[in-house]
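Below: one structure, written as structure tokens.
The values are calculated or read from the model by the stated rules, or taken from the named source; none is laboratory data. None of these values were measured; they are calculated from a predicted model. All Cβ positions, even for glycine, are placed from backbone atoms using ideal geometry, and neighbour counts span all protein chains on display.
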Number of protein chains: 2
Amino acid sequence: MLKNLTCAQLKRMTLKELLALSEEIRETITSTVLKNGGHLSSNLGMVELTVALYYVFDFPKDKLVFDVGHQCYTHKLLSGRFEDFSSLRQRGGVSGFPKREESNYDCYNTGHAGTSVSAALGIAKARDIKGEDFSVIAVIGDGSFNNGLVYEAFNSLRLLNTNILLILNDNGLSIAPTVGSMHEYLEILSEDFAHNEKKDRHAKIFERFGFAYDGVYDGNNLEEMIKKLTEVKDRLQTESVILHVITKKGKGYAFCEDDPESTHGISIKKTDSVSMEYSQTLGKKLTALAEKDKRIVAVTAAMTSSLGLSDFFEKFPKRSVDVGICEEHATVLCASMAAEGLKPYYAVYSTFLQRSYDEILIDICSQNLPVTLCVDRAGVSGADGETHQGVFDLSFLSMIPNLVIAVPKDVNEFERMIEFSTVLNGPLAIRYPRECKRIFRKQTEIRLGEWEKICEGDGKYAILACGERALSQSLAAAEHLAEHNIKAAVINARFVKPLDNRLLDSLTEKYILTVEDNALIGGFGTLIDTYFASKDKIIKNFAYADKFIPHGGVNELMKEFGVSAQAIADYITTNEIG
Amino acid sequence: MLKNLTCAQLKRMTLKELLALSEEIRETITSTVLKNGGHLSSNLGMVELTVALYYVFDFPKDKLVFDVGHQCYTHKLLSGRFEDFSSLRQRGGVSGFPKREESNYDCYNTGHAGTSVSAALGIAKARDIKGEDFSVIAVIGDGSFNNGLVYEAFNSLRLLNTNILLILNDNGLSIAPTVGSMHEYLEILSEDFAHNEKKDRHAKIFERFGFAYDGVYDGNNLEEMIKKLTEVKDRLQTESVILHVITKKGKGYAFCEDDPESTHGISIKKTDSVSMEYSQTLGKKLTALAEKDKRIVAVTAAMTSSLGLSDFFEKFPKRSVDVGICEEHATVLCASMAAEGLKPYYAVYSTFLQRSYDEILIDICSQNLPVTLCVDRAGVSGADGETHQGVFDLSFLSMIPNLVIAVPKDVNEFERMIEFSTVLNGPLAIRYPRECKRIFRKQTEIRLGEWEKICEGDGKYAILACGERALSQSLAAAEHLAEHNIKAAVINARFVKPLDNRLLDSLTEKYILTVEDNALIGGFGTLIDTYFASKDKIIKNFAYADKFIPHGGVNELMKEFGVSAQAIADYITTNEIG
């Protein structure tokens, strides 16, 4: 049925047909995600809700904003993207997130949590200013609902004097189970549904902020959803409504319903990949150190397991905090615990670290407090696309005074950097990609700002490589060049800050190449450009071009956006010929 | 009485003595602030509350965190800093904000809104982990209470399983009157006090999050404050308490009570300063443009007047939004209104722009939406110190793809940049300091990425100056050098992004100097370093050293931290001699 289905056709379907359509959607999502990777459980939970929205509202005239956006697959299938859906998350294919560039049904791009209510309010406000008439709907999960941005939007609802429909898709899970008092409150509300009590008995909080409150106890019951949305649609002319919908994450597939956490996101493992992940090393090492060092505490924002910290949390529950999707709060908690003599480790994906930029700068670094930022999924992160690439962290961290920035060449070096962090009495960021694909035999002691020479050259070219991926591309280039009798020195530039001035000063090579898995502007290479700005050197930077990097495979994106062994080798060979 | 007063002595005072002490504090604050500048009204409102805290609690054993921190003057006077208080906000003197470096009574540095609840929770959690015993108190104003970070902290109170006292200092004002539903809610609660009704009738929201709620209707009544705090202190052993205290901003001085907005912060005007402020230009120009261009909307976060937008807000109330101290929400509102075809201007201080770094990157720039960021108080901002210097914006903005960054040489050029913004169909940041001190006679048309040659040189040195202050220092240096028969070219590098490649390529000078009112790392100069990294040029960057810049005078700080005519001239003359 999905093939060539138009919104108009969907609206003419019977309930029976819509139910069959839902099953087809569920099957399409499951088979595609198992093939391409992607978000599974969250999308399975959203099928009926989305079909009902399409039945009741008129897209793209009405506007639909998805918080985070990973739950938009049904929406994509219903808005003319069924044919292309098999290319989900592949370079050039359908994105796993809403993309204005992809369809006019996608009215606002998302990727990070908590923006949907603000965005829906902005769209509704613009509608009012322009004197237009359509409905604006935001769909937010109970995990995102913890984020402070949502509170800020709530606080301004009356002030903005506009109407939206906010659908709170409550499945009790962020990626891990949702935590916090708001979540407990939502449970009380859903208990009311369960016992068929008056729905607004406890709903005063939302009403204080200007929302009328309503709910659907079984959001996977299509008939019930359609009925309620039809009712609510009329009310939007005069008021904003929050519709609390209980859905089942992973709905329809036992293996997802039973384990929604590990089926939240499905990765497709390549057979040639090394299985070691940096997150596992973090968890193992930190747990071992915490046995002896009672100052160590671990803080996460709703991603404990993906960051490798499940065991730590189990072993040291009193010294572990998962605050939910509240990156700013997590950062201030770390700073304040450090101010009291503890040694906090805040583990977070590079892309989500952006959320607490101000708190890293002001709370942690201007107070020079010994917090360690464990920056996971740094560099190109692949199939999730623009909003999830970890390619900016070196750029937004390097100008912060007092902060030390370390980048390991492999998991063993990472382990020793964690050891090093315990004796460093100031703020430290360690950034690393997801997977470690190569373990170096030689390991040297970690000293503040000290780099490591990996191989000697013949005195003309020195390659300064920052991090595992950069080093790996640099060594491949060096090997290729060696076949042409050019010996380039390769250096593991494992501290981005401070730089190894002694080693830099000792470089006699005329040509200095820098390589990193980060944006060019503000990154490692530009620190080297500045270092040699008044010296007689020729510097060439290999880093990502000044563009947002879309979804695709890690290796293909690195190559396409400027960081590859090929590009390094080409530069040198062209230079030799020229 | 204040001189040599110890906390122990204060605790032995009678009420009458404490009242006299309060008066002395009030006089000291007023006379000092009128002399040195600083926060007046907010500190006058806090006198009795702070004296009562010192009477009841044991500092520094107990810990006191001030949200934002500008209201800490009484605390400073009572914690051994009376003698030094006359140096308030002067280089080397007492800071206007809490500073751990200054006293062990300052347990946590603040400066930006909303961090105090998180910080108090972190300190309390650390206390519990270490098995220590003391009270943790946060004082937060009703303006900061709008910030999303507070909600994130509330949401985790039960989760963290620790106890704090949160004093909500409610004077109905941020700098401007506080806005939003939370504020309306606080008004309902304070109405209850006024009519002596049962205080917790409406307090369910706070209780949902795990706080017991109590209040004091007149927080400037010392006796009442002491009584209530004494009661509450005992309860902290078993629960967290939010104490809602109504105070009068500017208390005790009619001119402050009547006009707390303009007496919130007092600036000391130097007689030689030009009175023109960039903010006035913004307001005037934007109001004029908005008459014809119906797409234009203005958004601020609780600082409408300081940003020059009062008239705009009055004239176009439907196209104006002040969301309170909610920088992230303000940013997403702008992005989403732009997505619907409007032309939003988000005016904000450079230092507070840090709060929405992620939303600038993801919501505005990755969607390439035509939002204009009007970045006020950029560069060294002076007497407020580390947490308020606007010296990082070029560094944290320049790596964001799609963003254009413009820096005017004076208010006239700023005006034409605002005109330019109306035709640019993408994100733009314009950054400028508070005051314009020099108006250039010659003005040239603004074209994307095009710089302006201010004066020609004799072919050896070219100075690329970014923004009014840098240009002013550069021209002073050039004049000085001319006396020694060295003619340096001076260029108004008014776009940081994109750079003027054509002009850069045409430079025949061997020595290129860059000057900016921003941190060196990641700033304008480093873009030039990278541009010339493989060319035969000698580049010297004048920008701020990699340190947090403390409070002091703008000119003295610029000089001390590396940006001055003297330093530029010295570099060139030394080079000539060498």
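For region A:158-181, a tally of residues being at pLDDT 85 or above and either away from every other protein chain (no Cβ under 14 Å) or buried (at least 22 other Cβ atoms within 10 Å of the Cβ) (or both) returns 9. When A:MET417 is tested against the conditions (1) in contact (Cβ under 8 Å) with a residue 12 or more places away in the chain; (2) of a type outside the set (S, T, N, Q); (3) out of contact with any Leu (no Cβ under 9 Å at 6 or more places or on another chain), the lone failure is (3).
Residues considered: A:ALA482, A:ALA477, A:ALA429. Of these, the only one that is surrounded by 24 or more Cβ atoms within 10 Å (Cβ to Cβ) and assigned to a helix (DSSP H, G or I) is A:ALA477. Taken over region B:150-193, residues that are under 30 Å from B:SER262 (Cβ atoms), acidic (Asp, Glu) and in a helix (DSSP H, G or I) amount to 3.
The listed residues are B:ALA301, B:ALA335, and the only one of them that is more than 9 Å from every other protein chain (Cβ to nearest Cβ), in contact with a helix residue (DSSP H, G or I) (Cβ under 7 Å, 6 or more places away or on another chain) and either crowded, with 24+ Cβ neighbours inside 10 Å or over 30 Å from B:GLU101 (Cβ atoms) (or both) turns out to be B:ALA301.
Let's see how each residue does on (1) in contact with an Asp or Glu (Cβ under 7 Å, 6 or more places away or on another chain); (2) modelled with pLDDT of 95 or more; (3) among the aromatic types (Phe, Trp, Tyr):
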site: A:ASP500; (1), (2), (3): yes, yes, no
site: A:ALA533; (1), (2), (3): yes, yes, no
site: A:ASP536; (1), (2), (3): no, no, no
site: A:LYS540; (1), (2), (3): no, yes, no
site: A:PHE548; (1), (2), (3): yes, yes, yes
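In region B:238-267, the residue that is surrounded by the fewest Cβ atoms within 10 Å (Cβ to Cβ) out of those that are at pLDDT 95 or above and in a loop (DSSP other than H, G, I, E, B) is B:THR238. Note on region A:15-70: enclosed helices (runs of 4 or more DSSP H) holding 3 or more residues that are surrounded by fewer than 18 Cβ atoms within 10 Å (Cβ to Cβ) are A:15-36.
Can you report the number of residues in region B:98-125 which are of a type outside the set (A, V, I, L, M) and facing chain A (nearest Cβ under 7 Å)? Adding up the residues that qualify gives 10. Just so you know, in region B:371-403 the residues that are within 14 Å of chain A (Cβ to nearest Cβ) and farther than 28 Å from A:CYS365 by Cα include one that is nearest to the chain's Cα centre (by Cα), and it is B:VAL371. Only one of the listed residues (B:ASP546, B:ASP529) is within 14 Å of another protein chain (Cβ to nearest Cβ), in contact (Cβ under 8 Å) with a residue 24 or more places away in the chain and of a type in the set (Asp, Glu). That residue is B:ASP546. The sole residue among B:THR30, B:THR74 that is touching a Ser or Thr at 6+ places or on another chain (Cβ under 8 Å), assigned by TED's automatic domain parsing to the domain that holds B:PHE255 and polar (S, T, N, Q) is B:THR74. All conditions but one from (1) part of a loop (DSSP other than H, G, I, E, B); (2) of a type outside the set (Ser, Thr, Tyr); (3) within 11 Å of chain A (Cβ to nearest Cβ) apply to B:ASP128; the one that does not is (1). Kindly indicate whether any position in region B:432-442 is closer than 27 Å to A:THR526 by Cβ, modelled with pLDDT of 95 or more and within 14 Å of chain A (Cβ to nearest Cβ). Within region B:432-442, none of the residues are closer than 27 Å to A:THR526 by Cβ, modelled with pLDDT of 95 or more and within 14 Å of chain A (Cβ to nearest Cβ). The single residue among B:GLU152, B:GLU102 that is touching a Gly at 6+ places or on another chain (Cβ under 7 Å) and not basic (Lys, Arg) turns out to be B:GLU152.
Would you point out which residue out of B:GLU452, B:GLU413 is surrounded by fewer than 22 Cβ atoms within 10 Å (Cβ to Cβ) and at pLDDT 95 or above? That would be B:GLU452, the only listed residue that is surrounded by fewer than 22 Cβ atoms within 10 Å (Cβ to Cβ) and at pLDDT 95 or above.
Here A:ILE325 fulfils each of the conditions (1) of a type outside the set (S, T, N, Q); (2) closer than 30 Å to A:VAL94 by Cβ; (3) more than 10 Å from chain B (Cβ to nearest Cβ) apart from (3). For region A:74-88, the criterion of being surrounded by fewer than 19 Cβ atoms within 10 Å (Cβ to Cβ), modelled with pLDDT under 95 and more than 14 Å from chain B (Cβ to nearest Cβ) is satisfied by no residue at all.
For region A:558-578: of the residues being in a loop (DSSP other than H, G, I, E, B) and modelled with pLDDT of 95 or more, which is surrounded by the most Cβ atoms within 10 Å (Cβ to Cβ)?
My answer is A:VAL563.
Restrict the check to region B:353-366 and report whether at least one residue is of a type in the set (Phe, Trp, Tyr) and away from every other protein chain (no Cβ under 12 Å). Scanning region B:353-366, I find no residue that is of a type in the set (Phe, Trp, Tyr) and away from every other protein chain (no Cβ under 12 Å), so the answer is no. Out of B:LYS285, B:LYS270, B:LYS294, one residue alone is part of a loop (DSSP other than H, G, I, E, B), of a type outside the set (Val, Ile, Thr), out of contact with any Lys or Arg (no Cβ under 6 Å at 6 or more places or on another chain) and at pLDDT 95 or above. It is B:LYS294. Just one of the numbered conditions (1) touching a residue at least 12 places away in the same chain (Cβ under 8 Å); (2) of a type outside the set (A, V, I, L, M, F, W, C); (3) more than 8 Å from chain B (Cβ to nearest Cβ); (4) surrounded by fewer than 24 Cβ atoms within 10 Å (Cβ to Cβ) is not true of A:TYR278; which one? Only one criterion in (1) touching a residue at least 12 places away in the same chain (Cβ under 8 Å); (2) of a type outside the set (A, V, I, L, M, F, W, C); (3) more than 8 Å from chain B (Cβ to nearest Cβ); (4) surrounded by fewer than 24 Cβ atoms within 10 Å (Cβ to Cβ) is unmet by A:TYR278, namely (4).
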